[in-house]
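Shown below is the structure under consideration.
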Amino acid sequence: MNAISVQNIQKAFGSNVALKDVSFEIPKGEIFGFLGPSGSGKTTLLKILTAQLEATGGHAAVMEMPSGMMQKTAQKRRFGILTDNSGLYERLSIEENLDVFRRLYDLPKSSIDQVLHFVNLNADRKKRVNVLSKGMRQRVTLACAIIHEPELLFLDEPTSALDPVNTAHIHKGLRYLNERGTTIFLTTHDMTEAETLCERVAILHKGEIRAIGAPDELKKVHRDGTLTVELTSGEKERLSMNEDSAAAIAGWMSRGQIDRMYTNELSLGDIFIKLTGSELV
Amino acid sequence: MNVSLKRIQAIFIKDYKEFSRNYAVSIMILFPIAFALLYRSEAGDQAAIYAFIMNFSLAMLTSFVQACLIAEEKERNTLRSLMMTPASMLDVLIGKSALVFLISAAVLAFSTYLFGYETSNVMLLTAALGISIVLYTAIGTICGLYSKTLLEASLSVFPVLIIFTAGPFALAFEEQYPFLEVLRYLPSSQLSELLVAMEVGAAAGELARPLVIISIWAVVLTIISFILYKKRLMDQ
């Protein structure tokens, strides 16, 4: 069963085409990453999937319902969303902000304790939002998005403002949520995040999907077919996959001269640049 | 349309906390009280003076506070976050308007008491002020939705304040400038007319006319604010 199914989605703002025939499917329970620079169409797609925008053409289904139905109350309980535009009530404390969402979702008070533990903010719950650091605010926004343990979670750059410790904490929490059945649709330009968290990724550029698949699969497809051997002398040899290379390696090996040896795979960032000709910004 | 008392209450409580901590906006409750105290011993037509205080208060308190509450939610993107929760459009609009309605009703009642205005028909006065609060809340919602920032919203209320408060006074020049007759249909002019008619003990028909006109304003502006809310939030 698919959590999200997108077929030939198009979106244009006047003469400016934001999405061109985008198609993909995300099975339930998957963590799916959408990679692309600013202006690539990620946010437009996210808005279409959450019924904040209407597509110009094509069809999108979220949890087996047309995406236009996502603004119905029953459907809104099923997903959570965090975008760079998600706001917080500045004069309220962290706990009071979460209490607003708890009441709107009609949840027990204990849900606040659970979600505060999840985002590692239990000790700061009484602090007003207007005195929080950017990273802490990001964690509060995430807490608001997941307080109701949604079936599907849309995350737009969830860890962009966080330090490595908090990023790791959030990743751990997201994996925990995913293990409990939450499908996660993540947009990011953090390649490490995509590789460590996502089962599959799609590379979006100028409104088109240029590649889609598991990070390892993409790396295999785009590897350059060479091998690097680091010798104990400190030298590095880049070899092609052929008989001559095999003979050279056998020689070094018999003399105990090999320190490290690895295939040369492109990173996701390199693959993105290769496919799109532009840097991730 | 999906309406939930629990969700309305959640929005009301949140707005109350924000309002009580936002002194730049909450200070507005002092204006009607100050005006009532200032004019209480003023000689002259009590109904006209009282109507001026009420009209000024409705624009300066009701419309201003509502515009600021809406614009701040827009500016900080919290309105969009609210929209992503199970709260429906009506939950949000009723929840936000309920706070402004109750604050306005309490402050106008207290100002009436301080001013010492006495009427022969309390029910009619209550109905006229109640409907006026609804329509000025709708004006505040429209101003807030049209504004991008809190500052813009607070400025956008001033034309409303000037036109609606000064409108009844401009009618004094109606004979010289006949086009000013249009100001007679302003809700503020109708409220003044109603209060004067009540004071001279006018017939039921004469009392009903201004109330009907104020009600039409309230219904039309409320519908416009609902349509605008939906449109503004979908297209941004």
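List the lysines whose Cα lies under 29 Å from the Cα of A:LYS236, skipping any in the same chain that are fewer than 8 positions away.
A:LYS219, A:LYS220, A:LYS274
Counting Lys and Arg as +1 and Asp and Glu as -1, what is the net charge of the other residues whose Cβ lies under 9 Å from the Cβ of A:VAL17? Can you show the working numbers first?
Values: positive: A:LYS11, A:LYS20, A:LYS206; negative: none.
Spelling it out: positives minus negatives among the neighbours equals +3.
Taking +1 at the Cβ of each Lys and Arg and -1 at the Cβ of each Asp and Glu, which of A:TRP252, A:THR226, A:MET241 sits farthest along the dipole of segment A:224-264 towards its positive end, judged by Cα position relative to the Cα centre?
Farthest towards the positive end: A:TRP252.
On to the next question. Divide, for segment A:142-184, the radius of gyration over alpha carbons by 2.2 N^0.38 Å, where N is the residue count. Present the calculation step by step, with values, prior to reporting the outcome.
Values: Rg = 10.1 Å, N = 43, 2.2 N^0.38 = 9.2 Å.
In units of the globular-protein estimate, segment A:142-184 measures up at 1.10.
Return the tail of the calculated pair distribution for segment A:224-264, meaning the percent of Cα-Cα pairs more than 16 Å apart.
Details: 212 of 820 pairs.
The proportion of pairs with Cα distances above 16 Å equals 26 percent.
Additional query: Which net charge results when you count Lys and Arg as +1 and Asp and Glu as -1 among the other residues whose beta-carbon is under 11 Å from that of A:SER245?
Details: positive: A:ARG238; negative: A:GLU237, A:GLU243, A:ASP244.
Combined, the nearby Lys, Arg, Asp and Glu give -2.
Next question, about the same structure. Just to confirm a number: summing +1 for Lys and Arg and -1 for Asp and Glu over residues other than A:SER160 whose beta-carbon lies under 13 angstrom from that of A:SER160, what do you get?
Details: positive: A:LYS42, A:LYS134, A:ARG137, A:ARG139; negative: A:ASP84, A:ASP156, A:GLU157, A:ASP163, A:ASP190, A:GLU193.
Result for the neighbourhood of A:SER160: -2.
Also: Which order do A:VAL17, A:VAL221 take when ranked by solvent-accessible area (1.4 Å probe, heavy atoms of all protein chains), largest first? Intermediate values should be presented prior to the final figure.
Details: A:VAL17 75, A:VAL221 110 Å².
Listed by decreasing accessible area, they come as A:VAL221, A:VAL17.
Ok, one more. Assuming a strict under-20 Å limit between Cα atoms, what lysine pair count do you get for chain B once near-sequence pairs (fewer than 8 apart, same chain) are dropped?
16
List the equivalent ellipsoid semi-axes of segment A:12-69 in whole Å, largest first, each obtained as the square root of 5λ for an eigenvalue λ of the Cα gyration tensor. Walk me through the numbers on the way to the answer.
Working: eigenvalues 75, 46, 18 Å².
Semi-axes, largest first: 19, 15, 9 Å.
Using Cα springs under 10 Å in a Gaussian network model of chain A, which residue among A:GLU195, A:GLU25, A:GLU235 shows the largest mean-square fluctuation?
A:GLU235
Can you give me the relative contact order of segment B:5-234 as a percent, contacts being Cα pairs under 8 Å and 6 or more apart?
Numbers: 273 pairs, mean separation 63.6, N = 230.
Normalised by residue count, the contact order of segment B:5-234 is 28 percent.
Which sequence of A:LEU174, B:LEU90 reflects their accessible areas, 1.4 Å probe, from the largest down?
Values: A:LEU174 0, B:LEU90 30 Å².
Descending accessible area places them as B:LEU90, A:LEU174.
Another question, then. To the nearest 10 square angstrom, what accessible area does A:LYS127 show with a 1.4 Å probe?
It works out to around 90 Å².
With a 1.4 Å probe and every protein chain kept in, tell me what percent of the accessible surface of segment A:224-264 is carbon plus sulfur. Provide the component values of the computation, followed by the final result.
Numbers: 1340 of 2750 Å².
Carbon with sulfur: 49 percent of the solvent-accessible area.
Please report, in cubic angstrom per residue, the volume enclosed by the convex hull of the alpha-carbon atoms of the protein assembly as shown. Walk me through the intermediate numbers first.
Working: hull volume 99.6 nm³, N = 517.
Expressed per residue, the convex hull around the Cα atoms of the protein assembly as shown is 193 Å³.
Run a plain Debye calculation on segment B:33-96 (Cα atoms as equal point scatterers, no solvent) and give log10 I(q)/I(0) at q = 0.15 Å⁻¹, rounded to two decimals, same order as the q list.
Scattering profile of segment B:33-96, log10 relative to I(0): -0.62.
What accessible area, in Å² to the nearest ten, does a 1.4 Å probe give for B:LYS96?
Using a 1.4 Å probe on the heavy atoms, I get roughly 0 Å².
Could you give me the radius of gyration and the Dmax of chain A, taking only the C-alpha atoms into account and expressing both in angstrom?
In Å, with Rg to one decimal and Dmax whole: 22.4, 71.
Using Cα pairs under 8 angstrom and six or more residues apart, how large is the relative contact order of chain A, in percent?
21 percent
Here is a follow-up. Report, to two decimal places, the Cα Rg of segment A:34-143 normalised by 2.2 N^0.38 Å (N = number of residues). Don't jump to the answer; show the numbers that get you there.
On the way: Rg = 16.1 Å, N = 110, 2.2 N^0.38 = 13.1 Å.
Ratio of Cα Rg to 2.2 N^0.38 Å: 1.23.
How would A:SER111, B:SER41 rank on accessible area, largest to smallest, probe 1.4 Å? Show your work: numbers first, answer last.
Details: A:SER111 10, B:SER41 105 Å².
In descending accessible area the options line up as B:SER41, A:SER111.
If you wrap a convex hull around the alpha carbons of segment A:76-127, what volume per residue comes out, as a whole number of Å³? Let's see the in-between values first.
Values: hull volume 4.9 nm³, N = 52.
Roughly 95 Å³ of hull volume per residue.
Would you check the accessible area of A:LEU116, probe 1.4 Å, heavy atoms only, in square angstrom rounded to 10?
0 Å²
Can you compute the equivalent ellipsoid semi-axes for chain B, i.e. the square root of 5 times each eigenvalue of the Cα gyration tensor, sorted largest first and rounded to whole Å?
On the way: eigenvalues 198, 70, 58 Å².
Its equivalent ellipsoid spans semi-axes of 31, 19, 17 Å.
Given Cα pairs under 8 Å that are at least 6 residues apart, what percent is the relative contact order of segment B:95-217?
Values: 76 pairs, mean separation 29.9, N = 123.
Across segment B:95-217, relative contact order equals 24 percent.
Follow-up question, since we're still on this one. To two decimal places, what compactness ratio does segment A:98-149 give when its Cα radius of gyration is scaled by 2.2 N^0.38 Å?
In units of the 2.2 N^0.38 Å rule of thumb, it is 1.04.
The values are calculated or read from the model by the stated rules, or taken from the named source; none is laboratory data. None of these values were measured; they are calculated from a predicted model. No Cβ is skipped: glycine too gets one built from the backbone with ideal geometry, and neighbour counts run over all protein chains shown. Just the protein is used for accessible areas: all its heavy atoms, side chains included, with ligands, DNA and RNA removed. Shrake-Rupley method; radii C 1.70, N 1.55, O 1.52, S 1.80 Å.
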